[in-house]
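Right, one structure below, let's go through it.
The values are calculated or read from the model by the stated rules, or taken from the named source; none is laboratory data. Keep in mind it's a predicted model, so treat the numbers as computed, not measured. Note that each Cβ is placed from the backbone with ideal geometry, even for glycine, and that neighbours are counted across all protein chains shown. Calculation scope for accessible area: heavy atoms of the full protein, side chains included, ligands and nucleic acids excluded. Shrake-Rupley method; radii C 1.70, N 1.55, O 1.52, S 1.80 Å.
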Amino acid sequence: MADRVTVIGWDGSPLTAAARSALAAATLVAGAAHHLSLPEVPPGAERIRLGSVDLAARRIAGHRGSAVVLADGDPGFFGVVRTLRAPQHGLEVEVVPAVSSVATAFARAGMPWDDAQIVVAHRRTLRRAVNVCRAHTKVAVLTSPGAGPAELALLLEGVHRTFVICEELGTAREQVTVLTSDKAADHVWRDPNVVIVVGGSAGPASPAAPSSGWISGRDPGYPPALRGWALPAREYGDEPGTGEGGFAGLRAAQLARLGPRTGDLVWDIGSGSGALAVEAARFGAAVIAVDSDPDACGRTTAAARRFGVQLHVVHGRAPHVLENLPEPDVVRIGGGGVPVVSACADRRPERIVTHASTRDEAEAIGRALAEGGYAVECELLQSVELDTGAWTERDRSVVFLLSATPLDRAP
């Protein structure tokens, strides 16, 4: 194993005294081509072009001498330090940090970033990174080849955002470009780059920039007056008894089975007042709310603005309108029956949740889900709302709740 392993962050500024000292003593240096060309790299040191960090870590583990790994930005922030310290390599490292590329990108844009979401986009995680950009008003995306600004823009089709694209930060070729997301796919971008994705309407209930914060990223308790899930139907402009979609107990059970989370894309088909769509978005998920009624679409949009969340509202009739929507992770179906259920099953989401008002309807939906390759669960839910002044019954709801998981993922 190497006698000493030092990881040096590089942000384009002159190396610190500690970094120069470590490099001067190095007998092995690993880094990208622009790192290995630095004049401080000893001419007699073994050089490793840093492609696979795992491969470099194995070479370092077998080296006898002092090793240095050069990396852009802060190597402890989504960087090489995690891989080098992995148990299979057994490397103990000293770190000389630099300003992270995310911090540099926001500095170039002149923007604060304590309220930003930060994601890494690889080919395998690109869709989830895009979903975060759908759900939040400020996101920094650390890109990679094949998962860069153009690919982000293509998957964000229909969602307007502004891109601040920072290419080759810290080098003589550094460039910062600001353009709308629909134009980003028309260009070829240089790696490495960071994309700041901003936009969307925070709404009057949730200002985009609170005067002060206490946690990085999205404040989970904002706005402070809002507490609880499955809020009463009246919070969304519905009157009790207007239909099963307004039944808060059903909505709570649906949310529990959907489990929406950051990085997910939720389809809410038959969004009605927007109650479930808004609450799924409050969990950090991206949501596409679909309804054939233009008034319902308007209520959903208004509810999103009132609660300060991002939604993409689509006016159209399922199942036909679903054909051009991006792939969902979980789906809640508020209406449409077997044809809509079958169309959703064809898209293979991780979970489908719906409800029925009669047993015959529940059995028909359950059969369609089973034929689509899903394991189906069904429960009969009953809720009775009481007037606590007179302790008399105010409203009663009875509904069959169906939840389905693909057979290859079922427990």
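So is VAL95 open to solvent by less than 20 Å² (accessible area, probe 1.4 Å) and farther than 17 Å from GLU174 by Cβ or not? For VAL95, the condition - open to solvent by less than 20 Å² (accessible area, probe 1.4 Å) and farther than 17 Å from GLU174 by Cβ - is not met.
Within the stretch 379-391, being assigned to a strand (DSSP E or B) and either open to solvent by less than 70 Å² (accessible area, probe 1.4 Å) or among the aliphatic types (A, V, I, L, M) (or both) holds for LEU380, LEU381, SER383, VAL384, GLU385, LEU386, ASP387.
Taking the stretch 99-149 as the search range and keeping residues that are part of a loop (DSSP other than H, G, I, E, B) and of a type in the set (Gly, Ala, Ser), which one is surrounded by the fewest Cβ atoms within 10 Å (Cβ to Cβ)?
So the residue we want is GLY110.
When we screen GLY263, GLY272, GLY298 for residues that are of a type outside the set (D, E, K, R), more than 14 Å from PRO232 (Cα to Cα), open to solvent by 10 Å² or more (accessible area, probe 1.4 Å) and assigned to a loop (DSSP other than H, G, I, E, B), the only hit is GLY272. On the stretch given as the stretch 160-201, residues that are without any contact (Cβ under 8 Å) to a residue 24 or more places away in the chain and open to solvent by less than 50 Å² (accessible area, probe 1.4 Å) total 3. Against the test of being on the phi < 0 side of the Ramachandran plot and part of a loop (DSSP other than H, G, I, E, B), the options GLU323, GLU279, GLU327, GLU363 yield a single qualifying residue, GLU327.
Picking from residues in the stretch 1-26 that are over 16 Å from VAL93 (Cβ atoms) and open to solvent by 30 Å² or more (accessible area, probe 1.4 Å), the one that is nearest to the chain's Cα centre (by Cα) is ASP11.
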